[in-house]
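J.: Before anything else, here's the structure in question.
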Amino acid sequence: MSRTVHCIILGTEADGLDRPVYPGELGRRIYDNVSKIAWQRWLGHQTMLINEYRLTPIEPKARRFLEQEMEKFFFGDGSERPPDFVEE
């Protein structure tokens with residue numbers, strides 16, 4: 001049986017994540033408030049950020065940046081696309 005959450009992104013009840021996907025307090029908040037659909041949206045946005053900013057996710061500075069953007073994406077005003085980003 002899948003669990004449901006009131007998704008902070010979709011604004012409605014939706015299937016919740018099967019397990020925590022990120023460590024710590026931020027991970028707990030995501031697990032409690034983010035649906036599978038919204039998590040997939042974040043993964044796409046994160047991939048775009050990594051590619052556009054040419055980030056190396058194993059570098060601490062890049063990880064901090066991505067974590068800040070993740071928090072903004074789910075719980076802030078949203079994570080912005082890079083200024084030069086052109087959708088293909």
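The values are calculated or read from the model by the stated rules, or taken from the named source; none is laboratory data. Model, not experiment: these values are computed from the prediction. When we count neighbours, we look across all protein chains shown, and the Cβ atoms used for this are built from the backbone with ideal geometry, even at glycine.
J.: Being touching a helix residue (DSSP H, G or I) at 6+ places or on another chain (Cβ under 9 Å) and either within 23 Å of S2 (Cα to Cα) or among the polar types (S, T, N, Q) (or both) is the requirement here; does D15 meet it?
T.: yes
J.: Now for a different question. Filter segment 1-22 for residues that are out of contact with any strand residue (DSSP E or B) (no Cβ under 9 Å at 6 or more places or on another chain) and of a type outside the set (G, A, S); which is farthest from E69 (Cα to Cα)?
T.: M1
J.: Here's a follow-up. Out of the residues in segment 29-46 that are out of contact with any strand residue (DSSP E or B) (no Cβ under 7 Å at 6 or more places or on another chain) and polar (S, T, N, Q), which is surrounded by the most Cβ atoms within 10 Å (Cβ to Cβ)?
T.: Q46
J.: Here are L49, L26: which of them is touching an Asp or Glu at 6+ places or on another chain (Cβ under 8 Å), surrounded by 17 or more Cβ atoms within 10 Å (Cβ to Cβ) and either outside any loop (DSSP other than H, G, I, E, B) or modelled with pLDDT of 95 or more (or both)?
T.: One residue alone meets the criteria, L49.
J.: For a quick check of your reading of the model, give me the residue pairs whose first member lies in segment 54-81 and is within 14 Å of G27 (Cα to Cα), whose second is of a type in the set (D, E) and part of a loop (DSSP other than H, G, I, E, B), with beta-carbon atoms closer than 9 Å and at least 6 apart or on different chains.
T.: E69/E80; K72/E80
J.: Taking the residues in segment 30-53 that are without any contact (Cβ under 8 Å) to a residue 24 or more places away in the chain and of a type in the set (S, T, Y) as candidates, determine which candidate is nearest to L17 (Cα to Cα).
T.: Y31
J.: Restricting attention to segment 63-82, does a residue exist that is surrounded by fewer than 11 Cβ atoms within 10 Å (Cβ to Cβ), assigned to a helix (DSSP H, G or I) and modelled with pLDDT of 95 or more?
T.: The answer is yes, given that some residue of segment 63-82 is surrounded by fewer than 11 Cβ atoms within 10 Å (Cβ to Cβ), assigned to a helix (DSSP H, G or I) and modelled with pLDDT of 95 or more.
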